[in-house]
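Chemist: Below is one structure. I have some questions about it.
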Amino acid sequence: VYTWGYDGGTLGAGSVDVDRATPTLVSGALSTVSVVAVKAGLHTVAVAATGELYAWGHDVSQGRLGLGFFGVGVATPCLVRGALSTATVTAVALWAQTLARTSAGQVFAWGYNGYGGLGVGDIGVDRATPCLIEGALSTAWVVAVAAGDHGLALSEDGLVFAWGSNWVGGLGLGDIAHRPTPTLL
């Protein structure tokens with residue numbers, strides 16, 4: 001994995017505030033790992049071919065790295081463990097929260113939970129480690145996830161579930177109430 005641009009610890013090259021104008025190899029744990037997917041923002045996550053998940057970058061006091069702590073950025077990739085220790089991650093999405101889909105069709109979430117964006121049943125309680133999203137997703141085999149002010153999941157049978165911020169009806173549910181758990185569209 002190569003990275004470039006503004007650093008601030010987000011590039012994963014082991015430095016803070018060393019901007020890069022040319023591609024630089026991400027350092028540390030990823031140097032010997034085959035990576036199949038990367039998602040980036042203020043923080044970055046990389047899915048290894050083995051299904052392990054690595055994270056680095058800004059935390060912004062929200063637990064968005066999934067490493068078990070709040071408010072501390074990490075300048076090199078770290079393995080995300082916790083509830084994902086025995087799971088095989090196949091896809092990720094991120095915004096202020098991170099969503100990870102597993103080979104078993106489950107979805108885990110962590111990070112910012114304003115307006116219920118984690119889908120774990122409450123609003124405003126951020127999580128620093130991966131939590132399984134249950135509720136309506138318990139019986140769905142999820143094939144894709146998306147993250148923004150709210151979360152979305154697509155099941156293998158074509159059903160779409162939404163949760164989180166519903167400002168101006170953004171969830172498509174016919175109202176403006178925020179949803180702390182996945183709701184079928």
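The values are calculated or read from the model by the stated rules, or taken from the named source; none is laboratory data. In this text the structure is predicted, and so the values were computed from the model without any measurement. Every residue, glycine among them, receives a Cβ derived from its backbone with ideal geometry; neighbour counts consider all protein chains shown. When the accessible area is computed, the model is the full protein with side chains, heavy atoms only, and any ligands, DNA or RNA have been set aside. Shrake-Rupley method; radii C 1.70, N 1.55, O 1.52, S 1.80 Å.
Chemist: Just the number, please: carbon plus sulfur as a percent of the accessible area of the range 1-158, 1.4 Å probe, no ligands or DNA/RNA counted.
Modeler: The nonpolar share, carbon plus sulfur, comes to 54 percent.
Chemist: What per residue convex hull volume, in Å³, do the alpha-carbon atoms of the range 1-146 yield?
Modeler: Hull volume over Cα atoms, normalised by residue count, gives 94 Å³.
Chemist: Between THR50 and VAL168, 0.36 nm times their residue separation minus their Cα-Cα distance comes to what?
Modeler: Here the answer is 38.4 nm.
Chemist: Quick one: check the C-alpha center-to-center distance for the range 71-99 versus the range 3-21, whole angstrom.
Modeler: Between the Cα centres of the range 71-99 and the range 3-21 lies a distance of 19 Å.
Chemist: Once you have the alpha carbon radius of gyration of the range 128-185, what is it after dividing by 2.2 N^0.38 Å, with N set to its residue count?
Modeler: 1.08
Chemist: Follow-up. For the range 39-158, build the charge dipole from Cβ charges (+1 Lys, Arg; -1 Asp, Glu) around the Cα centre, then report which of GLY117, ALA144, VAL47 sits farthest towards its positive end.
Modeler: VAL47
Chemist: Which residue, GLU156, GLU134, GLU52, has the most motion in a Gaussian network model of the chain that connects Cα atoms within less than 10 Å?
Modeler: GLU156
Chemist: Given a 1.4 Å probe, how much area per residue of the chain is accessible, in Å²?
Modeler: With the other protein chains kept in place, the chain gives 44 Å² per residue.
Chemist: Also, I was wondering about something else. What does the charge count around TYR54 come to, taking other residues whose C-beta lies under 12 Å from its C-beta (Lys +1, Arg +1, Asp -1, Glu -1)?
Modeler: For residues surrounding TYR54, the net value is +1.
Chemist: After finding the eigenvalues of the alpha carbon gyration tensor for the range 11-77, what semi-axes result from the square roots of 5 times each, listed largest first in whole Å?
Modeler: Rounded to whole Å, the semi-axes are 18, 16, 9.
Chemist: Using the C-alpha atoms of the range 74-164, what convex hull volume per residue, in cubic angstrom, is computed?
Modeler: Residue-normalised Cα hull volume stands at 88 Å³.
Chemist: Let me ask you something else. Between THR88 and TRP4, what FRET efficiency comes out of the Förster formula 1/(1 + (r/R0)^6) with R0 = 25 Å and r the beta carbon distance, rounded to 0.05?
Modeler: E(calc), rounded to 0.05, equals 0.25.
Chemist: For the chain, set up a Gaussian network in which alpha carbons nearer than 10 Å are linked by springs, and say which option among TRP110, TRP167, TRP56 fluctuates the most.
Modeler: TRP167
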